[in-house]
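None of the figures in this text is laboratory data; all of them are computed from the coordinates on show. The structure presented is a predicted model; accordingly, all values stated were derived computationally and were not measured. For neighbour counting, all protein chains shown are included, and Cβ atoms are generated from backbone atoms with ideal geometry for every residue, glycine included.
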């Protein structure tokens, strides 16, 4: 009986630690995201963009410069930032911000995604 009680207490403490750890990470992630929203002026509206705006984006731009070039828009992400834009034809372009810093350069994956979307949408 004494061993069962110790096992139960150990399992309870482990479970509580896991729950507290997850909630702390979530609040830190949300705090960082809220700070990004304040800096960028993220809105609840999805911004419409044109192909000429997309052609202004370069491989060495930071996320901040991309957002400043395309304009403020809605962040639809949960955990990571996903900036959603509406293209001229009504389709959506989602730019994922994998890094937590706005001054980080956009990833190769994000740049290639933008180029692919641009090429697919050009007449």
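The figures follow:
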read-out	value
Modelled label reach - residue 118, point 7 Å along Cα→Cβ, the range 44-65 residues with backbone N closer than 19 Å	47-65
Model label zone, residue 104; criterion: amide N under 11 Å from point 7 Å along Cα-to-beta-carbon; scope the range 55-72	63
